[in-house]
């Protein structure tokens, strides 16, 4: 058996080097069966338990590359159980980190945070600076996805300092990319582009990722032809590499551009293609984005009942994912739909829910400098406040309309005068790191 195991181990490594992941996985399964037989025969000695754990870990890593996340999770957890019995702190931390990554892909954020935090605690004990930086970055990604931007920035910046000290280009590239993303979400587009340019200087191989991010900025700036050009260039690279995750993200983004150009059939086709990939990958975050985008296309093309169906589904997904930033956007989009469909009273309810969540986010952002808080307001949320104010005015609810506008005006003016905030008792994809 030992000779057979050695041959299978060698074969699996060769298949991995050749990029034959599925064949490598099949070979590792055969190897696992032999290690298991050896372990049973020798009463589960430590040597064979280590072999079993290592093989399970390798299988899980391939499962993750193949985006078979549930299977990866099962194999990592089995490997973890053995390592915990053996008391191997370094390997326990590595497996916990990878389990956190899988949970992140499955959009199970509380579980992801728990795993990353356990890994981080162990890595601090081991004083493994590179691994600490990686864990901090991953935790930042989770907070970023949940719309908890100050927390995300806090973790990204700590990770960045460590990566710089260690001259760790892999982590440095990922962290700079994520800082670009979070700045873009906060409406700080110049800072975002600065971070992306640093990514290219640091690692030109990530050109496709950066092209995608710059495309997103031009989309926000409503320079749609430029955005489309960047997205299409990125898509070509992702398709060459058969990178299905980023293919889905980019196709979805292209769909948004088509929608902005009022090419609704092309937009719908793009979003539906992306949705198929998300469902195959089991990625609920991506699915939520595509379902939301389909709802918007239907709304803008006047198909209101279809739009409501998709946006309602999106809202359910956003709440399951605990993504407060997306939830506030979806609520506002439902409000806009209902207003278009001559249901103003119901629209007002949804807009107010959106603004409640936005005010909570703004409260969290008070740890940032005033100018940066204004960037978030000007870049991402002002239109929702104004749409609601206009709707209230149309319904002859002038006092409420002024109260909504005051949340914009008073917050800005009073913060300049000493940090007094507006009353928050009012009535709420970077996707991933590299």
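The values are calculated or read from the model by the stated rules, or taken from the named source; none is laboratory data. Keep in mind the model is a prediction, meaning the values are calculated, not measured. Reconstructed Cβ throughout: ideal geometry from the backbone, glycine too, with neighbour counts over all protein chains shown.
Among the residues in the range 272-294, are any more than 20 Å from the chain's Cα centre (by Cα) and in a helix (DSSP H, G or I)?
No: the range 272-294 contains no residue that is more than 20 Å from the chain's Cα centre (by Cα) and in a helix (DSSP H, G or I).
Which condition from (1) part of a helix (DSSP H, G or I); (2) surrounded by fewer than 19 Cβ atoms within 10 Å (Cβ to Cβ); (3) at pLDDT below 60 is the one that residue 420 breaks?
Status for residue 420: all satisfied but (1).
Give the range 209-226 a look and list any residue that's surrounded by fewer than 19 Cβ atoms within 10 Å (Cβ to Cβ) and in a helix (DSSP H, G or I), or say none.
Hits for the range 209-226 are 220, 224, 225, 226.
Determine which single condition residue 43 fails, assuming it passes every other condition in (1) outside any helix (DSSP H, G or I); (2) surrounded by 19 or more Cβ atoms within 10 Å (Cβ to Cβ); (3) modelled with pLDDT under 85.
Condition (2) is where residue 43 drops out.
Please verify whether residue 158 is at pLDDT below 90 and in contact with a helix residue (DSSP H, G or I) (Cβ under 6 Å, 6 or more places away or on another chain), treating the condition exactly as stated.
no
Answer yes if at least one residue in the range 227-245 is surrounded by fewer than 21 Cβ atoms within 10 Å (Cβ to Cβ), within 26 Å of residue 148 (Cα to Cα) and in contact with a helix residue (DSSP H, G or I) (Cβ under 7 Å, 6 or more places away or on another chain), and no otherwise.
Scanning the range 227-245 turns up at least one residue that is surrounded by fewer than 21 Cβ atoms within 10 Å (Cβ to Cβ), within 26 Å of residue 148 (Cα to Cα) and in contact with a helix residue (DSSP H, G or I) (Cβ under 7 Å, 6 or more places away or on another chain).
Can you pull out the residues in the range 136-193 that are outside any helix (DSSP H, G or I) and within 19 Å of residue 369 (Cβ to Cβ)?
First, the residues of the range 136-193 that are outside any helix (DSSP H, G or I): 146-148, 167-168, 186-188.
Matches in the range 136-193: 148, 186, 187, 188.
A quick yes/no check of all residues on (1) more than 23 Å from the chain's Cα centre (by Cα); (2) within 15 Å of residue 395 (Cβ to Cβ); (3) surrounded by 22 or more Cβ atoms within 10 Å (Cβ to Cβ):
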| residue | (1), (2), (3) |
| --- | --- |
| 320 | no, no, no |
| 326 | no, no, yes |
| 344 | yes, yes, no |
| 347 | yes, yes, yes |
| 362 | no, no, no |
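Against the condition touching a helix residue (DSSP H, G or I) at 6+ places or on another chain (Cβ under 9 Å), in a helix (DSSP H, G or I) and buried (at least 20 other Cβ atoms within 10 Å of the Cβ), how does residue 337 come out, does it pass? Break it down stepwise before answering.
Numbers: touching a helix residue (DSSP H, G or I) at 6+ places or on another chain (Cβ under 9 Å): yes; in a helix (DSSP H, G or I): yes; buried (at least 20 other Cβ atoms within 10 Å of the Cβ): yes.
The answer is yes for residue 337.
Of everything in the range 108-117, what is within 19 Å of residue 318 (Cα to Cα) and buried (at least 21 other Cβ atoms within 10 Å of the Cβ)? Give them in sequence order.
Selection gives 112 alone.
Every residue in the range 62-73 that is out of contact with any helix residue (DSSP H, G or I) (no Cβ under 7 Å at 6 or more places or on another chain) and crowded, with 16+ Cβ neighbours inside 10 Å, please.
If the condition is that a residue be out of contact with any helix residue (DSSP H, G or I) (no Cβ under 7 Å at 6 or more places or on another chain) and crowded, with 16+ Cβ neighbours inside 10 Å, then 68 is the only one that fits.
Quickly run through the range 246-274 and pick out the residues that are surrounded by fewer than 24 Cβ atoms within 10 Å (Cβ to Cβ) and closer than 18 Å to residue 66 by Cα.
246, 247, listed by residue number.
Suppose the filter is surrounded by fewer than 16 Cβ atoms within 10 Å (Cβ to Cβ) and at pLDDT below 85; does residue 14 pass it?
Against the criterion (surrounded by fewer than 16 Cβ atoms within 10 Å (Cβ to Cβ) and at pLDDT below 85), residue 14 qualifies.
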